[in-house]
Every structure is written in C-alpha cells, then in structure tokens.
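K.L.:
The structure under discussion is supplied below as structure tokens; questions concerning it will follow.
Values in this text are rule-based calculations from the coordinates and carry no lab data. Fair warning: this is a prediction, and the values are worked out from it, not measured in the lab. Here the Cβ positions follow ideal geometry from the backbone for every residue, glycine too, while neighbour counts run over all protein chains shown.
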Amino acid sequence: MAYTTSDIKTIFNIAPETVRNWAKEFERYLSVSANPQQGRTRLFTEDDLKVFDLVNSMREDSKSYDEIHATLASGERGSYPALSPEDVKALVTGETERQLSLEIMMLRRQLQNANDKIVQYDSLKEENVRLQAEKDAEKRRVDELGKQLKDTQDKLEGLLREVGKAYHDGYIAALKEQLKKDE
C-alpha cells in the first residue's frame, strides 16, 4: 500500500513540512516515490514508514540528524505502525474531518464578525443619514437667518438715512428760523 504525506503526517503526528523535510533529508533511505519529480505526489511505502518511525522516535529523543543518519546507515529501522491500512485511512479521514470542522468554526466566526460589522455599518449609516439631515436643516436655518439679517440691515440703513434726512431737514429748518429771527 502507498501512503501520502497526509497519511504520514497523521500516523506520526507531525506537520506536512516536517514530512517533506525528512523525506529530503533521509532521501537515500526512502523509496524513489518518497521524493518524486516536482509536481508529482509523494508516495511512501511500508519500508518508508519504518524509516519515518525510526527518525520520529530518535527526534523525540533529541538525537541529531547525524546520529539518525548513522543509525539508518547501519541498517536499523523502526517498526511498522501497528495500524492496518484501513486504520490509517480512518485516522486520516478523522483528522481531515477535524480540520474541516475547525475551518468551519473559523469561517463561522469570520461570518459572525462580518455580520457584526454589517450591523455596525448599518447603524453608522443611519446615524450618518440623520446627521446629514440635521446638517441640511441647520444650513437652511443659517441661510434663513442670514436673509433675515440682511433684510434687517437694509431696514436699519433705510431708517438711518431717514433719521439723517430728518435731522438734516430739522437742522436746516432751525437755521432758517434763526435767520428769520436775526433779521
């Protein structure tokens, strides 16, 4: 049976990047299909799983790559996982379902955040419309008051001209009166 990167990741509980890194690092101990040409899928054999088991256990024991290479070069291998191919597929399927479930939860949170922002946006939009209406009403009121002020200024100027004319006429009349008396 051939195993994929996802299978190896699940069996040994390691990241896909770790599977790729180990496949490159320990290439000489793995099958050709473990490091295919670019664009091809990595496929691992049962013997490859034994190599991964040894590498995984030695890395858990904090062994260096040099120590692992020396052990592999001496012909030592790990154990084939005590899982049937069906168990491996069930594990991978379960892991995939778990990841999909997590992604669904994340997407639901993002959707809820987006909906919250839409509600907030709608509220701000309504507030903006209300404020714009108030602004327009205030502008009309300012324009109206400006017109009233202009009318009042015009009336005041007219009254000042009348007062000035009346004062002038009264002053002239008083002077004429004074001239008559003086004559």
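K.L.:
So, in region 15-31, of the ones that are in contact with a Lys or Arg (Cβ under 7 Å, 6 or more places away or on another chain) and touching a residue at least 12 places away in the same chain (Cβ under 8 Å), which residue ends up nearest to Glu76 (Cα to Cα)?
P.N.:
Restricting to residues being in contact with a Lys or Arg (Cβ under 7 Å, 6 or more places away or on another chain) and touching a residue at least 12 places away in the same chain (Cβ under 8 Å), the top hit is Ala23.
K.L.:
Which of the residues belonging to region 32-60 are farther than 12 Å from Gly78 by Cβ and surrounded by fewer than 18 Cβ atoms within 10 Å (Cβ to Cβ)?
P.N.:
Residues of region 32-60 farther than 12 Å from Gly78 by Cβ: 32-45.
Result: Val32, Ser33, Asn35, Pro36, Gln37, Gln38, Gly39, Arg40, Thr41, Leu43, Thr45.
K.L.:
I'd like the residue in region 58-83 that is assigned to a helix (DSSP H, G or I) and more than 46 Å from the chain's Cα centre (by Cα) and, out of all such residues, is nearest to Met1 (Cα to Cα).
P.N.:
Going through the qualifying residues, I end up with Leu72.
K.L.:
Of the residues Asp48, Asp53, which single one is touching a helix residue (DSSP H, G or I) at 6+ places or on another chain (Cβ under 6 Å) and touching a residue at least 24 places away in the same chain (Cβ under 8 Å)?
P.N.:
After applying the criteria, what remains is Asp48.
K.L.:
Suppose we filter region 4-57 for residues that are of a type in the set (Val, Ile, Thr), outside any helix (DSSP H, G or I) and out of contact with any strand residue (DSSP E or B) (no Cβ under 9 Å at 6 or more places or on another chain); how many remain?
P.N.:
Adding up the residues that qualify gives 2.
K.L.:
Still on this structure, I have one more. If you check Glu127, Glu97, Glu76, which single one turns out to be farther than 30 Å from Leu30 by Cβ, surrounded by 10 or more Cβ atoms within 10 Å (Cβ to Cβ) and either of a type outside the set (A, V, I, L, M) or touching a strand residue (DSSP E or B) at 6+ places or on another chain (Cβ under 9 Å) (or both)?
P.N.:
Numbers: Glu97 fails: farther than 30 Å from Leu30 by Cβ; Glu76 fails: farther than 30 Å from Leu30 by Cβ.
It is Glu127.
K.L.:
For region 3-30, give me the residue count where each residue is more than 16 Å from Ile68 (Cβ to Cβ), surrounded by fewer than 21 Cβ atoms within 10 Å (Cβ to Cβ) and in contact with a Phe, Trp or Tyr (Cβ under 7 Å, 6 or more places away or on another chain).
P.N.:
0
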